[in-house]
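Take a look at the structure set out below.
The values are calculated or read from the model by the stated rules, or taken from the named source; none is laboratory data. Please read these numbers as outputs of a predicted model, since none were measured by experiment. Cβ placement follows ideal geometry from the backbone for every residue including glycine, while neighbour counts extend to all protein chains displayed. In case anyone asks, the SASA skips ligands and DNA or RNA and just uses the protein heavy atoms, side chains included. Shrake-Rupley method; radii C 1.70, N 1.55, O 1.52, S 1.80 Å.
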Amino acid sequence: MYRYDEFDASFVNQRTEQFKDQVRRRLAGELSEDEFKPLRLMNGLYLQLHAYMLRVAIPYGTLNGRQMRKLAHIARTYDKGYGHFTTRQNIQFNWPKLEDTPKILEELAEVEMHAIQTSGNCIRNVTADHFAGAAADEIADPRPYAEILRQWSSLHPEFSFLPRKFKIAITGAPNDRAAVQVHDIGLQLTRNDEGEIGFVVYVGGGLGRTPMIGRKVRDYLPEEDLLAYSEAILRVYNRYGRRDNKYKARIKILVHETGLEELKADIEEEFEKIRFGVLRLPDEEVRRIEAYFAPPPLEVGPSASEAVEARRNADAAFAQFLAHNLNPHRVPGYTSVTLSMKPIGGIPGDASDAQMEVIADLAEQYGHDEIRISHEQNVILPHVKLDDVPAIYDRLSAAEIAEGNAGLITDIIACPGMDYCALATARSIPVAQRISERFGTAERQAEIGELKIKISGCINACGHHHVGHIGILGLEKKGEEFYQVTLGGSANENASIGEIVGRGFSSEEVIDAIEKLVDTYLGLRSGKEETFLDAYRRVGEAPFKEALYGAA
């Protein structure tokens, strides 16, 4: 992983000292809340429903055991003993005291972490495939390019006050696990006919009030042009993006209102002006950054483990964990292990300080000191020897994070909702918990198979409900919480926005409504291998709508 150099350390320490003085002035009454707000947001500090919330960046979802231990320490010392992993591969602390936040940032800086650009109208945390550098289907590790983008975008003077926030995601595999098509800029690594690395480029994806799938603007962008082309996109957006209406200020609206071809022409014109200048990536610089992400020394081993197979046959829960929480590794004898932060009846994405300590232990002992956070709010050990999986599973079981449900109906994405967020119009967490409890048996989950449920507590869609196979949006209606259901969304390489099927459901009704949808799917699928999404795309919404609302 990337290690801070002298410049990085000085840069983060300067920002921390600056914020310490800003907090001092706020506490002394020298700054009003209105004056303090833009300053705190530049350092990832929000004022939520009940308290401040600090959002800490985990660039492209990569961290090590020492950093995870520091997050555990912060949760234990300055919060209520837990943190919340988000769909931006960040972690949020929901209860810090304002006077403690400078100290928290100082402690983060000790382990090369920060909260810069986790808020505000700037380029946010660049996200990547959580199996980067390990996945068997990977063309190349996307993290070196994510790091290059991070360095280029950090406090970029031209892009610190954009019309709205701006999000970039990158994947190194044809199977998109980074949701690149629902980002302002989405990048997919590819190779041309000569075998040279480049990028497929998407622009104008995004969720929220007006969900849109990104539009392809380049089939192949050469590696050396990554920064120049990204800068060209940002310049066009900064020049023409709407600032008169924050609901229409994202680049997706610019794509929609301008038209793809005209916008592409603007981007290409800007790109041609700057492509051979200072932003052209020298090969030696790419290789220098790439060296930070050199894979650990892994010895090729047998593609199957006797210890794993023996345990599989004797332990049904372990067998379920193997079936759903292991991802193929590029090196035989190894696997990537998903640690589900979705225990049955639990809060999606939450991790206690004790659980974070266990994760750090496991990474150091069994995982070459590498940890990843997924945009699906889970944790990954990317480089694990197959023979070590039983021992890891036992430690996870003791820490209550061994649920074998990755990709299943209880592996729910959910935002904090109205339990924490001042913007939310309904609660998300209780709905997620009740769905998890309703479908929580191993037999029920296995029968249903792959099914991604995503829940948001407001139209801002922090729970990515638009791209859930089943999406749930919480809304307020005459003082009561109601939940609108969408079907057919997806965030993978065949991305789609879910369709609203009808009127919303009350909090009491929504769980039964989800069960009706599941039962309808089970009754019409063409075989056990046909997933919910495949079945929905084959038959359309009619049978599901009838199940929910009766015959038209």
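Check whether at least one residue in segment 104-118 is assigned to a strand (DSSP E or B) and open to solvent by less than 10 Å² (accessible area, probe 1.4 Å), and report yes or no.
Of segment 104-118, the ones assigned to a strand (DSSP E or B) are none.
No, that holds for no residue.
For segment 124-143, check the following and say yes or no: at least one residue is closer than 24 Å to Arg242 by Cβ and surrounded by fewer than 24 Cβ atoms within 10 Å (Cβ to Cβ).
Scanning segment 124-143, I find at least one residue that is closer than 24 Å to Arg242 by Cβ and surrounded by fewer than 24 Cβ atoms within 10 Å (Cβ to Cβ), so the answer is yes.
Tell me, which strands (runs of 3 or more DSSP E) wholly within segment 350-391 include 1 or more residues that are open to solvent by 10 Å² or more (accessible area, probe 1.4 Å) and either in contact (Cβ under 8 Å) with a residue 24 or more places away in the chain or in contact with an Asp or Glu (Cβ under 9 Å, 6 or more places away or on another chain) (or both)? Please lay out each step first, then the result.
Details: elements: 350-352, 371-373, 379-385.
Here the list reads 350-352, 379-385.
As an exercise: evaluate Gly186 against (1) in contact with a helix residue (DSSP H, G or I) (Cβ under 7 Å, 6 or more places away or on another chain); (2) at pLDDT below 95 and give the number of the one condition it does not meet.
If we test Gly186 against (1) in contact with a helix residue (DSSP H, G or I) (Cβ under 7 Å, 6 or more places away or on another chain); (2) at pLDDT below 95, just (2) comes out false.
Confirm whether Asp369 is touching a His at 6+ places or on another chain (Cβ under 6 Å) and among the charged types (D, E, K, R). Can you show your working first?
Working: touching a His at 6+ places or on another chain (Cβ under 6 Å): no; among the charged types (D, E, K, R): yes.
Answer is no for this residue.
If I filter segment 392-429 down to residues being under 21 Å from the mean Cα position of the chain (by Cα) and among the acidic types (Asp, Glu), which single residue comes out as surrounded by the most Cβ atoms within 10 Å (Cβ to Cβ)?
Among those that are under 21 Å from the mean Cα position of the chain (by Cα) and among the acidic types (Asp, Glu), it is Glu403.
If you go through segment 530-552, how many residues are without any contact (Cβ under 8 Å) to a residue 40 or more places away in the chain, part of a helix (DSSP H, G or I) and closer than 13 Å to Val501 by Cα? I'd like the intermediate steps shown before the answer.
Just the residues of segment 530-552 that are without any contact (Cβ under 8 Å) to a residue 40 or more places away in the chain, to begin with: 530, 534-535, 538-540, 542-543, 546-547, 550-552.
Now drop any that are not part of a helix (DSSP H, G or I), which leaves 534-535, 538-539, 542-543, 546-547.
So of that shortlist, the ones also closer than 13 Å to Val501 by Cα come out as 542-543, 546-547.
Selection size over segment 530-552: 4.
Where in segment 426-529 are the strands (runs of 3 or more DSSP E), entirely inside, with at least 1 residues that are basic (Lys, Arg) and farther than 21 Å from Tyr247 by Cβ? I'd like the intermediate steps shown before the answer.
On the way: elements: 453-456, 470-477, 480-487.
Here the list reads 453-456.
What number goes with the only condition from (1) touching a Gly at 6+ places or on another chain (Cβ under 8 Å); (2) farther than 28 Å from Ala426 by Cβ; (3) crowded, with 16+ Cβ neighbours inside 10 Å that Lys528 does not pass?
(3)
State which residue is surrounded by the fewest Cβ atoms within 10 Å (Cβ to Cβ) when the search covers only segment 274-284 and only residues that are in contact (Cβ under 8 Å) with a residue 24 or more places away in the chain and of a type in the set (D, E, K, R).
Per the criteria, the residue is Asp283.
When Val201 is evaluated against the numbered criteria (1) touching a residue at least 24 places away in the same chain (Cβ under 8 Å); (2) open to solvent by 20 Å² or more (accessible area, probe 1.4 Å); (3) part of a strand (DSSP E or B), which criterion, by number, is the only one it fails?
Failing condition for Val201: (2).
Condition test on Gly208, is it of a type in the set (Gly, Ala, Ser), touching a helix residue (DSSP H, G or I) at 6+ places or on another chain (Cβ under 6 Å), in contact (Cβ under 8 Å) with a residue 24 or more places away in the chain and more than 23 Å from Pro295 (Cα to Cα)? Step through it out loud before you land on a result.
Values: of a type in the set (Gly, Ala, Ser): yes; touching a helix residue (DSSP H, G or I) at 6+ places or on another chain (Cβ under 6 Å): no; in contact (Cβ under 8 Å) with a residue 24 or more places away in the chain: yes; more than 23 Å from Pro295 (Cα to Cα): yes.
No: the conditions fail for Gly208.
Is it the case, given these coordinates, that Asp5 is open to solvent by 10 Å² or more (accessible area, probe 1.4 Å), acidic (Asp, Glu) and either in contact with a Leu (Cβ under 9 Å, 6 or more places away or on another chain) or closer than 27 Å to Thr127 by Cα (or both)? Please lay out each step first, then the result.
Working: open to solvent by 10 Å² or more (accessible area, probe 1.4 Å): yes; acidic (Asp, Glu): yes; either in contact with a Leu (Cβ under 9 Å, 6 or more places away or on another chain) or closer than 27 Å to Thr127 by Cα (or both): yes.
Against the criterion (open to solvent by 10 Å² or more (accessible area, probe 1.4 Å), acidic (Asp, Glu) and either in contact with a Leu (Cβ under 9 Å, 6 or more places away or on another chain) or closer than 27 Å to Thr127 by Cα (or both)), Asp5 qualifies.
Collect the residues in segment 286-320 that are within 18 Å of Ile197 (Cα to Cα) and in contact (Cβ under 8 Å) with a residue 40 or more places away in the chain, keeping them in residue-number order. Don't jump to the end; show me each part of the working.
Our first condition is that a residue be within 18 Å of Ile197 (Cα to Cα); within segment 286-320, this holds for 286-291, 293-294.
Across segment 286-320, the qualifying residues are Val286, Ile289, Glu290, Phe293.
Being open to solvent by less than 10 Å² (accessible area, probe 1.4 Å) and in contact (Cβ under 8 Å) with a residue 60 or more places away in the chain is the filter here, so list the residues in segment 215-230 that pass it.
Leu226, Ser230
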